[in-house]
Amino acid sequence: MSTQGQRLKKIRNELNLTQAQLGLALGISKQFYSNIETDRTLLNNEKLVLLYKDYNVNLNYLLGGVLPMFNDDKKTTNDFEEKVKKILIQEGLIKN
């Protein structure tokens, strides 16, 4: 089974982005991003939501390796995004 970092690298390659480009999009340095891909650290919830929202990444794939890599249905994505955001706000993990 692949790691979160390995799956994130596959996603980045599918998006044709460099580590620096995806790091910038997530608001983190290239070095910190590199640490995520090499499993020295994990993505926090805020960054997971950004990948989900901005790149339509299937969080089931990123977190557990369940295909597909990207969500196909934008309506489902928007509904799920709102539910995830509401839970994260309630838990104090992100600000509104």
Item checked: Tyr61, sole failed condition from (1) among the hydroxyl-bearing types (Ser, Thr, Tyr); (2) without any contact (Cβ under 8 Å) to a residue 24 or more places away in the chain; (3) assigned to a helix (DSSP H, G or I) -> (2)
Check: All but one of (1) in contact (Cβ under 8 Å) with a residue 40 or more places away in the chain; (2) under 13 Å from the mean Cα position of the chain (by Cα) hold for Glu14; which doesn't?
Finding: (2)
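Of the residues Ile94, Ile28, which single one is in a loop (DSSP other than H, G, I, E, B), modelled with pLDDT under 90, touching a helix residue (DSSP H, G or I) at 6+ places or on another chain (Cβ under 9 Å) and among the hydrophobic types (A, V, I, L, M, F, W, C)?
On the way: Ile28 fails: modelled with pLDDT under 90.
Answer to the selection: Ile94.
I want to confirm something. Restricting to the stretch 35-58 and keeping residues that are assigned to a helix (DSSP H, G or I) and without any contact (Cβ under 8 Å) to a residue 24 or more places away in the chain, which single residue is farthest from Leu15 (Cα to Cα)? Steps first, please.
In the first step, residues of the stretch 35-58 are kept if they are assigned to a helix (DSSP H, G or I); the result is 35-37, 45-55.
Subsequent filtering for residues that are without any contact (Cβ under 8 Å) to a residue 24 or more places away in the chain retains 35, 47-48.
Details: Asn35: 19, Lys47: 16, Leu48: 16 Å.
Step by step, filter the stretch 35-58, then rank; the result is Asn35.
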Next item on the list: Read through the list (1) exposed (fewer than 15 other Cβ atoms within 10 Å of the Cβ); (2) over 20 Å from Gln6 (Cβ atoms); (3) at pLDDT 90 or above, then give the number of the only condition that Asp79 fails.
Entry: (3)
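The values are calculated or read from the model by the stated rules, or taken from the named source; none is laboratory data. Because the structure is predicted, anything quoted here is derived from the model rather than measured. No Cβ is skipped: glycine too gets one built from the backbone with ideal geometry, and neighbour counts run over all protein chains shown.
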